[in-house]
Amino acid sequence: LEQGVVSLKFDSGNELTVEGPALFDVAADATTFMHRGVALARSRDTRQASSVNSNGLNISSAVPLLGIDARAEFSTEAVVFEGGGGVCLTEGGACREMFQYESIKADLSRQRLVDVPFNPQPFAKAWELLAGVEKNMGSVRIELPGAEVAPAKGEQAEVQIYIEREHFRPEADFD
């Protein structure tokens, strides 16, 4: 993908949104390998979660909403936006659990996992498409999961939109 953002929806209901420039492979079973680029993977059912791996990182258990930032040559970051799961180095086998709003980097030059600050910004364009926004006009910003609610300031203030409870299902009918 040379430029832009593309969203793939699999038969399982899982989704993969990739922002270019990116190089990635998707297998028949929806297993994805990110060679380069930024991706968000959402699993509707963690029992049938798609596997998303990248240079140096294997996600060892299903994560409902996961970001992969594989733009750097010698490192790859994984960001958990929802839920939690395990992550392992491809080489060397070091593994650890990750939790909601946590980030980790696979440092490929030193073959180690390194905790890094939670930063959702690299996933902003992919998140808009994954959240169902087709066009964003004017001073509107779709906030990422984990973003802090902050009051707008000044004349050029943006309208901030937070997507909440997108998986809500009522227990009974209502008017």
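If you take every residue apart from P21 with its C-beta less than 14 Å away from the C-beta of P21, what net charge results, scoring Lys and Arg +1 and Asp and Glu -1? Present the calculation step by step, with values, prior to reporting the outcome.
Numbers: positive: R36, R71, K125; negative: E2, E19, D69, E73.
Once all neighbours under 14 Å are counted, the net charge is -1.
Counting only residues 5 or more places away or on other chains, whose amide H sits under 5 Å from the amide H of E82 once H atoms are built in the peptide plane?
Result for E82 returns L65, Y101.
Once neighbouring chains are kept in place and the probe is 1.4 Å, which whole percent of the accessible area of the stretch 24-120 is contributed by carbon and sulfur? Could you put the intermediate results ahead of the total?
On the way: 2180 of 4550 Å².
Accessible surface attributable to carbon and sulfur in the stretch 24-120 totals 48 percent.
Can you tally the net charge around N53? Count Lys and Arg as +1, Asp and Glu as -1, for every other residue whose Cβ sits under 14 Å from the Cβ of N53.
Details: positive: R36; negative: D25, D29, D69, E77, E91.
In short, -4.
Sorted by mean Cβ packing within 10 Å, highest first, what order do the peptides 111-123, 13-25 take?
Numbers: 111-123: 14.3, 13-25: 18.8.
Going from most to least packed, we get 13-25, 111-123.
Would you mind checking which residues have amide H under 5 Å from S75's amide H? H placed 1.01 Å from N; only 5 or more apart, or other chain.
L108
Counting only heavy atoms of protein chains, what accessible area per residue, in Å², does the stretch 17-86 have with a probe of 1.4 Å?
On the way: 2790 Å² over 70 residues.
So the stretch 17-86 comes to 40 Å² accessible per residue, rounded to a whole number.
With each pseudo-label sitting 7 Å past Cα toward Cβ, what's the R71-V26 distance in nm, one decimal?
2.2
The values are calculated or read from the model by the stated rules, or taken from the named source; none is laboratory data. None of these values were measured; they are calculated from a predicted model. We place every Cβ from the backbone using ideal geometry, glycine too, and count neighbours over all the protein chains shown. With ligands, DNA and RNA removed, areas are computed over all heavy atoms of the protein, side chains included. Shrake-Rupley method; radii C 1.70, N 1.55, O 1.52, S 1.80 Å.
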